[in-house]
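Notes follow once the structure below has been shown.
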Amino acid sequence: MIAVNLVENEVLIKVLKNASAFSFSEICQILEVNNVKLFSVALSNSSNKDIEAVVKVGTEDLTTALRLLREFEYEVLSNHEEDDFFDELRDRSKYLDKYLNI
């Protein structure tokens, strides 16, 4: 038997959130609303304080999904090419620095 990867754009997203607020169903809803195919959610590390999970998805564009995960206070630990969050922060930081130096 040969195992074949059925999904071309398979991506792993690693997220972290406070243990008291972590919810598998919330993660699933956030991703499914954005037409992201969800394959699995697994805990990779947990403590009394925080839960770290790995979400396996298949999608063309993660930009909106990553933004929404952050809005729901999930810290995205994995790096993704299409994630423009840090670029926007850097641009805003430069603008603020320029404004403060006037």
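Nothing in this text is a laboratory measurement; each read-out follows from the coordinates by a stated rule. Everything numeric here is computed off the predicted structure, so don't read it as measured data. Neighbour counts are summed over all protein chains in view; Cβ atoms, including those assigned to glycine, are modelled from backbone coordinates with ideal geometry.
What the table shows:
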{"item": "Cα-derived Rg over Rh, computed across the range 1-91 with Rh taken as Kirkwood radius", "result": "0.99"}
{"item": "The chain: most fluctuating residue of LYS49, LYS14, LYS37 per GNM, C-alpha cutoff 10 Å", "result": "LYS49"}
{"item": "Extension gain from GLU32 to GLU88, taking 0.36 nm per residue of separation minus the Cα-Cα distance", "result": "17.7 nm"}
{"item": "Among LEU77, VAL41, ALA21 the positive-end extreme of the charge dipole of the chain (Cβ point charges)", "result": "ALA21"}
{"item": "Mean separation of Cα contacts under 8 Å, 6 or more apart, over the residue count of the chain: relative contact order %", "result": "31 percent"}
